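Read the figures in this text as sums done on the coordinates, not as results from a lab. Remember, predicted model here, so these are calculated numbers, not experimental data. Every residue, glycine as well, gets a Cβ built from its backbone with ideal geometry; the counts of neighbours run over all protein chains shown.
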Amino acid sequence: MAAVQDMARLLRLLFEIEREFVCTATTLIYRVGEPEQKYLLCQHVWESAGHARFLRERGRELSGFGTGENVRAELRQLFTEAVMPADGYVALAGFYRVFKPALLAAYRHYLSATHHLADWPSRKLVEEFIADEERHAREMEPWLGAVDATAWLAHLRTALAANGDLLGDHPHSPLPTDFAWESSGRAYAHLATCNRGKYPTCSSVFSLDPAETPIVRPWLVDPKTDARVIRLMVYVWLMMELDAVDYLATIFIDTPDAPFDLHHDLARHLWDESRHSQFGYRQLPKLGVDLMTLEHSLDLYNILVQMPPHERYAMMTMEFEAGSFPTKALVMDRVRELNDFEADTLLAFDRNDEQNHVRYGHHWLPEIMALCGDTRPVEEFVKATQARFAAVAQVHGNRTPHALPPERRLTGNKLLKLAGVA
Ligand SMILES: [Fe+2]
Ligand SMILES: [Fe+2]
């Protein structure tokens, strides 16, 4: 059985690498500014979670894969080091210029080391993952030139070489005496606010005032509001789910000891939110909106990042998502008047995804609470968290002034004009 055990040992390492990538590369998402880049990272993270899941499934068929799913300390140290740069673009370069190529090489090594017929089930998976990794490299390449990361890449390559590469099967070159692990000198901390690059920002896109924000709460549910205005408002709403992308991405590294299935479902949740945001990001320009006039709302990230991860997750699933269905149902009915098949389709999939997210919430909240040492009954905890959110919002909310003056900013009144009703 030595041949089986050798291959199972490699699959195990690949599983740990992919799951640790999911746990740490998620920190890049709120540190890069371009929505397109956030979307791409969410997609890659989801695909990596898929790789890890199938590696575990196949691995468990083989003697020697092991029963637990913990990541060994040497790999965790490498990936924890990779998140450390203060500049998110430097960190991004580390992941995509050092770790992803090393992972691709590891998959290729697996393919050349295993028997094409005896281990066909693994081979099929690994062939697919190689194609994914090659595509990830191509897709991210245009985003990697933003900064000079030379020194950091050399630092990471040194750390990797001391481990004998990701699989540990190359000669281990000892760390130079002046090598210092950034991650043993300080703890990683989330940004106090998320990066939105060149885009204008504000605290919230929701208000009661059509001269202030694009979404006017009472208009959403007012039967007199023109359906074309509702459609524009819901696309703004969907695009601003980018805040969910940014704050959900913070939870992975804050729960390093979570079972893999929890991170798998969070990765799915994250990718769903990035697609919902793309619904708005891609449709709004078609309806005449200049995205440089649409301010990005930062309040939810700014408030939630001040709270511990189980409270962030509770607010997201039990409050924002669970509470959004009645209004979204009304909005869907109104949009249907327009015979806009694409809009109906996007909203229907959004609703279906959101139902899954609330299901995830019921399933995983007790687990995240346990990881954070919270022993209260779930219902009591959620109630207390809602109150805490309100208190934290008093301090950290409403701190982002409108970046644009009212005449340049997308507002409810401007949406009336775009819709041709004013
Ligand atoms: Fe969503
Ligand atoms: Fe959601």
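Filter region 221-254 down to residues that are within 11 Å of the chain's Cα centre (by Cα) and among the hydroxyl-bearing types (Ser, Thr, Tyr) and give me whichever is nearest to ligand 1 (Cβ to nearest atom).
First, pick out the residues of region 221-254 that are within 11 Å of the chain's Cα centre (by Cα): 242-252.
With among the hydroxyl-bearing types (Ser, Thr, Tyr) added as a condition, the list becomes 247, 250.
Values: Tyr247: 12, Thr250: 17 Å.
In this case the residue turns out to be Tyr247.
Anything in region 321-337 that is within 15 Å of ligand 1 (Cβ to nearest atom) and either farther than 14 Å from Leu365 by Cβ or crowded, with 21+ Cβ neighbours inside 10 Å (or both)? List them, or say none.
Restricting attention to region 321-337, the residues satisfying the condition of being within 15 Å of ligand 1 (Cβ to nearest atom) are 321-325, 327-329, 331-332.
Residues satisfying the conditions are Glu321, Gly323, Ser324, Phe325, Thr327, Lys328, Ala329, Val331, Met332.
Residue check: is Leu298 surrounded by 18 or more Cβ atoms within 10 Å (Cβ to Cβ) and within 16 Å of ligand 2 (Cβ to nearest atom)? Taking the combined requirement at face value, the residue does not satisfy it. Residues in region 280-317 that are among the aliphatic types (A, V, I, L, M) and in a helix (DSSP H, G or I): Leu287, Leu291, Met292, Leu300, Ile303, Leu304, Ala314, Met315, Met316. Taking region 338-375 as the search range and keeping residues that are more than 16 Å from ligand 2 (Cβ to nearest atom), small (Gly, Ala, Ser) and without any contact (Cβ under 8 Å) to a residue 60 or more places away in the chain, which one is surrounded by the most Cβ atoms within 10 Å (Cβ to Cβ)? Restricting to residues being more than 16 Å from ligand 2 (Cβ to nearest atom), small (Gly, Ala, Ser) and without any contact (Cβ under 8 Å) to a residue 60 or more places away in the chain, the top hit is Ala370.
Tell me, yes or no, whether region 205-228 has at least one residue that is within 16 Å of ligand 2 (Cβ to nearest atom) and more than 23 Å from Trp152 (Cβ to Cβ).
no
A quick yes/no check of all residues on (1) small (Gly, Ala, Ser); (2) within 16 Å of ligand 1 (Cβ to nearest atom); (3) within 30 Å of Val421 (Cβ to Cβ):
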site	(1), (2), (3)
Trp271	no, yes, no
His276	no, yes, yes
Gly280	yes, yes, yes
Leu294	no, no, yes
Asp299	no, no, yes
Ile303	no, no, no
Gln306	no, no, no
His310	no, no, no
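Remark: pairs (first residue in region 299-321, in contact (Cβ under 8 Å) with a residue 12 or more places away in the chain and more than 19 Å from Tyr188 (Cα to Cα); second residue of a type outside the set (S, T, N, Q) and assigned to a loop (DSSP other than H, G, I, E, B); Cβ separation under 7 Å; 6+ apart in sequence or on different chains) = Asp299/Gly397. Applying the selection to region 133-161, what residues are crowded, with 17+ Cβ neighbours inside 10 Å and part of a helix (DSSP H, G or I)? Within region 133-161, Glu133, His136, Met140, Trp143, Trp152, His155, Leu156, Ala159, Leu160 qualify. Look at region 234-247: where a residue is closer than 15 Å to Ile303 by Cβ and a partner is within 12 Å of ligand 2 (Cβ to nearest atom) and among the acidic types (Asp, Glu), sitting 6+ places away or on another chain with Cβ atoms under 8 Å, you get Ala244/Glu273.
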